[in-house]
Amino acid sequence: MKVILICPSERHEMEQLTGTRPLAALPLFGETVLDLWLAHLAGSGVKEVKILAADRYDRIKRLAGSGEKWGIDAIVCSEALEPTVPEARKRHKSSDTAGFLPEPDDIQVVDHLPWDDSYPMFDNYASWFNCCRTVLQRIQSGFRVGMRELKPGVWVGRDTQIAPSAKLHGPCWIGHGVHLGANADVGPNVIIEDGTFVDQTAELVEAWVGPQTFVGALTRVTESLAWGHTLINYKTGSHIVVPDPFLLSSVEQARTAVKSMLAPKRLPSFFSETFARPFAAWANLKAKLPG
C-alpha cells in the first residue's frame, strides 16, 4: 500500500514554538511528529510513502531518510508551496494510482494525530498540548525503544537520573538523559523531552518541556510549554522569553551562566549576586550540570 504525506508549512499560531524547525520536525516523545506518522503508517501495513515538503525540505529529508528506520520505502519531494490535497492528488498520483490506500486516506496532511483527524496539532498551542496529552494517555510498552514504565503511567528513559525524593504523578513521560533534582514534583500530564535538566524543588504540572531545557530550582511550570528560555501559556497563547538563565533556559545557556558567574574576573560582583538569588541556584548547577 502507498500513501502521500503533505508536511505543513509554517503556521503563525505556532511560531513561538517552532523556531527554525518545520512543524513536522517538532520533538514529540523523543522523536518527531513525522516519526509518529511514519511509525503509524508502517504499523498499518503501508510500504511506500511519498512526502511532500515545502518548508525546509533538507530537514525533512534528513528525518525521513529512505524509510529504512520504519521498514518502508520513503521518498521526499521538494515543493515550492504547500499543496492542497486535490493539487497533490493531481500532480503526484494521476499517472500512478495502483497500490494507494482508498480516498481520502491516499493523501494525508501531517497536521493531526495520524489515527484520528479530530485531534489537530497545529491550530494553536492548546491543540498541540492536547495532542501530546492524548498520546501520553495511550502509550503502551514498545512505544519507544529504551523506555520503561517505572510505575503505572510513569515512563522513564535511558540514562535518566531521578532523585529519591522526587515525586512523580502519572501519566507523565520523562525522556532519555533527563535529570530530576531533589524534591522535584512532576505530573500529572507532563512530557519532558530528552536531555532536560529539572533542578531541585521545581514543579511541573500539565506541561510540555522541550529537549535540552533547564528548569531552575523553585521554578513552577504549569499549563505551559517550555523550551529553552521560551515559556508559552497554551491556554491564553501568551508567551515570554525568560531573561534569567537560572529560572528557565537551555542547558547550554545555564552551563555558560554558571561558568561566567564563577570566573575570577566576576568575583567582586559574585558575592553580591549570591545574596540577590538563592545560593542553591549556582551551587547546585556547578555540581550537577553536564560539563
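Using only alpha-carbon positions in the chain, the gyration tensor eigenvalues give semi-axes of 40, 20, 16 Å once each is multiplied by 5 and square-rooted (largest first).
Ordering Ile107, Ile174 from the fewest to the most neighbouring beta carbons within 10 Å gives Ile107, Ile174. For Lys167, list the aspartates and glutamates whose Cα falls under 17 Å from its own Cα; do not include residues on the same chain fewer than 8 positions away. Partners found: Glu149, Asp185, Asp199, Glu203, Glu206.
Where the centre of each part is set by its Cα atoms, how far does the stretch 10-34 sit from the stretch 66-84, in angstrom? Result: 17 Å between the Cα centres. Working note: 222 nm ellipticity from helices only, DSSP H runs with n ≥ 4, each -39,500 (n - 2.57), summed and divided by the residues of the chain, gives -7500 deg cm²/dmol to the nearest 500.
Modelled this way, with points 7 Å down the Cα-to-C-beta line, the labels at Tyr119 and Phe143 are 0.9 nm from one another.
Between Thr134 and Ala98, the contour length at 0.36 nm per residue exceeds the Cα-Cα span by 9.5 nm. Comparing Ile60, Ile72, Ile232 in a Gaussian network model of the chain where C-alpha atoms under 10 Å apart are linked, the largest mean-square fluctuation is found at Ile72. Length gained on full extension, Lys90 to Glu252: 53.6 nm, using 0.36 nm per residue less the C-alpha separation. Ranked by how many other Cβ atoms sit within 10 Å of their own Cβ, fewest first, the residues Val215, Val109 fall in the order Val109, Val215.
When we measure straight from the Cα of Lys2, which aspartates and glutamates land under 14 angstrom away, once same-chain ones fewer than 8 places off are left out? Within the straight-line cut-off, Lys2 pairs with Glu48, Asp73, Asp96, Glu103, Asp105, Asp106. Our note on the geometry: Cα centres of the stretch 180-237 and the stretch 96-121, 33 Å apart.
Over the stretch 2-123, the alpha carbon radius of gyration divided by the compact-protein estimate 2.2 N^0.38 Å works out to 0.98.
Place a +1 charge on the Cβ of each Lys and Arg in the stretch 2-123 and a -1 charge on the Cβ of each Asp and Glu, then give the dipole magnitude about the Cα centre in debye, rounded to the nearest 20. The calculation lands at about 440 debye.
Past the 29 Å Cα-Cα mark, which pairs from Lys50/Lys151; Lys47/Lys151; Lys90/Lys235; Lys50/Lys235; Lys69/Lys93; Lys61/Lys90? In this structure, Lys50/Lys151; Lys47/Lys151; Lys90/Lys235; Lys50/Lys235 exceed 29 Å between Cα atoms.
Computed from the coordinates by the stated procedures, all read-outs in this text should not be read as laboratory data. For clarity, every value in this text was computed on a predicted model and none was experimentally measured. Positions of Cβ are backbone-derived with ideal geometry, glycine not excepted, and every protein chain shown enters the neighbour counts.
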